[in-house]
Amino acid sequence: MSDRQVEKFAEKIFDLQKEAIENEKILKELAGLEKCISETYISRVFYEIIQNADDCNATKFKAFLLDDNLYLLNDGYEFTVDDLESLCRSAYSNKERGKTIGYKGIGFKSVAGICKSVSLMSGNLEVCFSKKKTEDLFGYQIDVPLLRVPHKGVLNNELRNKAKLLMMEERFNTCFILHDINLEKIHNDMVGVKPESLIFLRNIINTSIHINEKKSDISITNNINYGDISEEIYASDQKFIFKQLTEKNVELKSEINVRIWSYKNIKISTDLKNSKPIRLSKNDAYAYAFLPMRTVTGLGARVNGNFSTDPSRTRIDPDEDTKNSLSN
């Protein structure tokens, strides 16, 4: 990263801090908005974090807990100035619908519901988000959002050094540290991260989540492409290796084989048994907007499309984009 790029980061941090000081009333409103977003995304925080990593072209994602700090690492591209600004603002994204999973610019705000502060390292960018540091800008107590105003440097140099060493050893480009984590909420959230949850991701092929006695490793070990089934429809098979550590430290390993058919912007998936597709039960056949929603398809298969969703990304919004996808 050039010196000029470092200067641009510093300028953006200063601009966002100055903007916050000059708009105290709006900042208070954003604090309330952030609280609502974090409550809306309850039990889907890992989905949002993994989705953001996938949008950065990451192929691997790792999460682990050290004391009360949750490390989130990926090997996607490094943050730009625009990425930093997008992270700080609400409903403001530099992502383009159809080319990335996320595009609404609110998903990462969900972490405000599970931690008290955040540090971010990506390339030479090192910033933190802290309500106390933001209050200090005003010099008096004020209700402020967590993920709006960045501050130079991370919150703990010892944690920074551990993260930097891990990033170098395992070739990760970006690391978030969520400080003072709510362990109960994280455990509940971790339950939803299963192989079938990640079937329609675009880039990530390896995820590892290890929180105290609970551990899940999911990897795609092969991708068999069958080429054209017709002029417009093609299929591929994927094998997911799922390793899970139980509370008694017993490692369970299972394989899930799936077939995915693709047509225009639609993908349909079922599990395979003896190399043949099988009909899924009603409660396993969900609609996806790249990640699973709470809407069942009624088709005996998972269906992924360019569906519009409600803010929590759990239900389909029947707008024109959704109708076009349903037509396909």
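The values are calculated or read from the model by the stated rules, or taken from the named source; none is laboratory data. All values derive from a computational prediction rather than experimental measurement. Cβ coordinates were reconstructed from backbone atoms using ideal geometry, including for glycine residues, and neighbour counts include every protein chain displayed. Keep in mind that these areas ignore ligands, DNA and RNA; they rest on the heavy atoms of the full protein, side chains included. Shrake-Rupley method; radii C 1.70, N 1.55, O 1.52, S 1.80 Å.
Pairs K131/K214; K109/K185; K185/K215; K62/K264: which exceed 25 Å Cα-Cα?
Going by Cα-Cα distance, K131/K214; K62/K264 fall outside the 25 Å limit.
Sorted from largest down, what three extents in whole angstroms do the Cα atoms of the chain have along their principal axes?
65, 48, 39
With a 1.4 Å probe and all protein chains left in place, how much accessible area per residue does the chain have, in Å²? Before the final figure, lay out the partial values.
Details: 16470 Å² over 328 residues.
Normalised by residue count, the accessible surface of the chain is 50 Å².
Tell me, what % of the accessible area of the chain is carbon and sulfur with a 1.4 angstrom probe?
Values: 7840 of 16470 Å².
Here carbon and sulfur together make up 48 percent of the probe-accessible area.
What FRET efficiency would be calculated for the residue pair I278, H187, taking the C-beta separation as r and a Förster radius of 45 Å, to the nearest 0.05? Please list the in-between numbers first.
Values: r = 31 Å, r/R0 = 0.70.
Calculated transfer efficiency: 0.90.
Can you tell which of L252, L146, L27 shows the greatest fluctuation in a Gaussian network model of the chain with Cα springs below 10 Å?
Of L252, L146, L27, the most mobile in the Gaussian network model is L252.
Among Y234, I205, N182, pick out the residue whose Cα is farthest towards the positive end of the charge dipole of region 175-240, where Lys and Arg carry +1 and Asp and Glu carry -1 on C-beta, about the Cα centre.
The listed residue farthest towards the positive side: N182.
With charges set only on the Cβ (+1 for Lys and Arg, -1 for Asp and Glu), what does the dipole of the chain come to about its Cα centre, in debye to the nearest 20? Write down the numbers at each step before the final one.
On the way: 47 positive and 48 negative charges, 164 e Å.
That gives a dipole near 780 debye.
What figure in square angstrom, to the nearest 10, would you give for the accessible area of T59 with a 1.4 Å probe?
Estimated to the nearest 10 Å², T59 gives 60 Å².
In nm, give the distance between the simple-model label positions of D143 and V81, each being 7 Å from the Cα along the Cα-to-Cβ direction.
Reported label-point gap for D143 and V81 is 3.4 nm.
If we count every other residue with Cβ under 13 angstrom of V45's Cβ, Lys/Arg +1 and Asp/Glu -1, where does the sum land?
Numbers: positive: R44, K109, K185, R313; negative: E39, E48, E184, D189.
Here the count lands on 0.
Got a sec? What order do K164, K28 fall in by accessible area at 1.4 Å, biggest, i.e. largest, first?
Order by accessible area, largest first: K28, K164.
Under a point spin-label approximation (7 Å from Cα along Cα-to-Cβ), what is the N57-K132 distance to one decimal in nm?
3.9 nm
Between N124 and S254, what length comes free when the chain is fully extended (0.36 nm per residue of separation minus the Cα-Cα distance, one decimal in nm)? Working shown, then result.
Numbers: separation 130, 0.36 × 130 = 46.80 nm, distance 3.92 nm.
That works out to 42.9 nm of additional length.
Along the Cα→Cβ direction, 7 angstrom out, place labels at K243 and R171. What is the inter-label distance in nm?
A separation of 1.9 nm, rounded to one decimal place.
Around G300, with a cut-off of 12 angstrom between Cβ atoms, what is the net charge of the other residues, counting Lys and Arg +1 and Asp and Glu -1? Walk me through the numbers before you get to the answer.
Values: positive: R279, K282, R302; negative: D271, D284.
After counting each charged neighbour, the total is +1.
Count neighbours as other Cβ atoms within 10 Å of each site's Cβ, and list the chymotrypsin sites (Phe, Trp or Tyr not before Pro) in region 226-328 that are DSSP loop with at most 13 such neighbours.
Those that pass, being in a loop and sparsely packed, number zero.
Starting from 0.36 nm per residue, how many nanometres of slack lie between E7 and L33 once their C-alpha separation is accounted for? Let's see the in-between values first.
On the way: separation 26, 0.36 × 26 = 9.36 nm, distance 3.08 nm.
Gain on stretching E7 to L33: 6.3 nm.
Net charge within 14 Å of L65 by Cβ-Cβ distance, Lys/Arg positive one each and Asp/Glu negative one each, not counting L65 itself? Could the numbers behind the result be given before it?
Working: positive: K62, K162, K185, K214, K215; negative: D67, D68, D180, E184, D189, E213.
That sum, taken over residues with Cβ under 14 Å, equals -1.
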